[in-house]
Amino acid sequence: MNIATIGIDLAKNVFQLHGVNCHGKVVLRRQIHRGQIRGLFVNLPPCLIGMEACASAHYWARTLQSYGHTVRLIAPHFVKPYVKTHKTDATDAEAICEAVNRPNMRFVPIKSIEQQSALSLHRVRQGFVWARTAQACQIRGLLAEFGLVMPQGIANIKQVPKLLQVAGKELPAPFCRLIERLLAHLKELDRQTRELEEQIVDWHERSEPSRRLAKIPGIGPITASALVASISDVRSFKSGRELAAWLGLVPRQHSSGGKPTLLGISKRGDRYLRTLLVHGARSVIVRARKREDEKDGWLKKLLDRRHVNVATVALAHKTVRTVWAMLAHDREYRPNYKSLPMAA
């Protein structure tokens, strides 16, 4: 069986395969269980394998690569146009097989085990931060129902014991015990968040590229480690602008008839990375407004003519391009670096 390309529709237990030969003729259309994957592909001659970048895709990509195959991961929305009829596992596998052979198709870099482990820390920490914020809002809401209103901000939760003490016997004892239980849960969430941040910083200190990125203004250990773990191979991006577009920090376009129309940022890609970069840019802008020695700099001039939110996204975009240049060319950060003009 001469198979040149195989499309795999991944699932939890039952996988659908669609294979074609070098002439595009279908030679394999099969449904197999999870435990049969290794036995099948270890005996196949090396071929091109396409999969959607979904759950467990990076694991299977590394596994099949170890058998000598060439594996390509495709974003699901790039596969959708190749689905010919109704959605089934067989048509999805056929669409993946068709898409992976397109010469201009964009592929998702395959992450290593270390990168996936670091991203797991970030995802779990993010979940704890969301849960901590929700718990603080719940405490504020419950107290507000009894006329105890505190200023907004999670830092003001420390005023809760004092408010309960001032209220005294006006509040029922079961309600006070409930608030104390919620405060204990909030402290536990905060403790676990700090522990995960320590693990992320430890990973950051052991990663040389992450330490270099942390020297860029607006990027700390959290953002630097997330960028290094998410961008498997920065050379898969042709330029810094392509990396910025991958993160959704470029304008959306709705152009027709030769008339370009630019809208707000596309917000494609990883929302978590984009949030970290934008918040880092905000902190840089706050510091820049307080420093008099940068009144003639690029950022100051941009703030003078554009809204602060526009300047924030522009600075985040510029930061991403700096990240690409440092990683692609193995350079250190230089604050006053100026690129040479292109030769005529």
Some residue of the stretch 112-119 being surrounded by 13 or more Cβ atoms within 10 Å (Cβ to Cβ), touching a helix residue (DSSP H, G or I) at 6+ places or on another chain (Cβ under 6 Å) and over 30 Å from V228 (Cβ atoms): no
Members of the stretch 136-155 that are polar (S, T, N, Q) and closer than 19 Å to R181 by Cβ: Q138
Residue tally, condition closer than 24 Å to H58 by Cβ and either assigned to a loop (DSSP other than H, G, I, E, B) or of a type in the set (V, I, T) (or both), over the stretch 104-156: 11
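Select, from H77, H18, H69, H23, the only residue that is surrounded by fewer than 14 Cβ atoms within 10 Å (Cβ to Cβ) and either touching a strand residue (DSSP E or B) at 6+ places or on another chain (Cβ under 9 Å) or under 17 Å from P109 (Cα atoms) (or both).
Numbers: H18 fails: surrounded by fewer than 14 Cβ atoms within 10 Å (Cβ to Cβ); H69 fails: surrounded by fewer than 14 Cβ atoms within 10 Å (Cβ to Cβ); H23 fails: either touching a strand residue (DSSP E or B) at 6+ places or on another chain (Cβ under 9 Å) or under 17 Å from P109 (Cα atoms) (or both).
On inspection, the qualifying residue turns out to be H77.
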Lone qualifier among D270, D233 - being in contact with a Pro (Cβ under 8 Å, 6 or more places away or on another chain) and either over 30 Å from K111 (Cα atoms) or not hydrophobic (A, V, I, L, M, F, W, C) (or both): D233
Output for the stretch 26-37, where each listed residue is surrounded by 11 or more Cβ atoms within 10 Å (Cβ to Cβ) and either free of Cβ contacts under 8 Å to residues at least 60 places away in the same chain or not basic (K, R) (or both): V26, V27, L28, R30, Q31, I32, R34, Q36, I37
Residues satisfying the stated conditions in the stretch 45-66, i.e. surrounded by fewer than 17 Cβ atoms within 10 Å (Cβ to Cβ), in a loop (DSSP other than H, G, I, E, B) and under 27 Å from the mean Cα position of the chain (by Cα): C54, A55, S56, S66
Cβ-Cβ under 8 Å pairs, at least 6 apart or on other chains, the stretch 146-157 side in the same structural domain as C176 (by TED's automatic domain parsing), far side part of a loop (DSSP other than H, G, I, E, B): F146/L171; N156/M150; I157/M150
Qualifying residues in the stretch 289-323 (those that are modelled with pLDDT of 85 or more and part of a loop (DSSP other than H, G, I, E, B)) - the one surrounded by the most Cβ atoms within 10 Å (Cβ to Cβ): R306
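The values are calculated or read from the model by the stated rules, or taken from the named source; none is laboratory data. All figures in this text were calculated on a predicted structure; none of them were measured in a lab. Here Cβ is always computed from backbone atoms with ideal geometry, including for glycine, and neighbour counts include all displayed protein chains.
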